[in-house]
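Notes follow once the structure below has been shown.
Nothing in this text is a laboratory measurement; each read-out follows from the coordinates by a stated rule. Computed from a prediction, not measured in an experiment: that's the story for all the values here. Positions of Cβ are generated from backbone atoms using ideal geometry, with glycine treated the same way; all protein chains shown enter the neighbour counts.
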Amino acid sequence: MATLATSIVAQLSPTSVFTSVGNTAITWATFTNYSGTSANLTVHIVPSGDSASNENIIIKNLVITEGDTHQLYAASEKILLSDGDEVQAFSNNATSINAVIGYTSI
């Protein structure tokens, strides 16, 4: 299993925080607000060649308070991705949220 850490920068549209190379399973993901103020988080699972949209949103405007962490898929659930699929995210506060994603090739 491998992990990838990425800072999420505020933008008007989502940015890639993980891109699948081959087939992968996301085993867990955490989103930590390291800033001094609350931040809203939106996350999409975007199929290769597609764009972030309402059809692939998995978290929308989740408020993460300062210093708090949201853990996605902490139990035995997995998100299965094909080659080129992406996890995309954005926050309303610049440089406030860090994403750490655990994954394995399948």
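Just a few scattered comments:
- Of the GluC sites (Glu not before Pro) in the stretch 46-106, the ones in a loop by DSSP (not H, G, I, E or B) with at most 16 other beta carbons within 10 Å are E66, E77.
- Using C-alpha pairs below 8 Å separated by at least 6 residues, the relative contact order for the chain is 52 percent.
- Spin-label model distance (nm) - N23 vs S38, 7 Å beyond Cα toward Cβ: 4.2
- A full extension of the chain between I106 and L80 corresponds to an added length of 8.5 nm, given 0.36 nm per residue minus the alpha carbon distance.
- Derived scalar couplings ³J(HN,Hα) [the stretch 47-63; Karplus, 6.51 cos²θ - 1.76 cosθ + 1.60; whole Hz; x for Gly, Pro]: x, 3, x, 9, 10, 4, 7, 5, 6, 10, 6, 10, 9, 10, 6, 6, 7
- Residue exposure sequence - Y73, Y103, Y34 - by fewest surrounding Cβ within 10 Å: Y34, Y73, Y103
- Total charge dipole magnitude, the stretch 2-106, about the Cα centre, Cβ charges on Lys, Arg, Asp, Glu only, Debye to nearest 20: 140
- Per-residue extension of 0.36 nm, minus the Cα-Cα distance of N54 and E66, leaves a gain of 1.7 nm for this segment.
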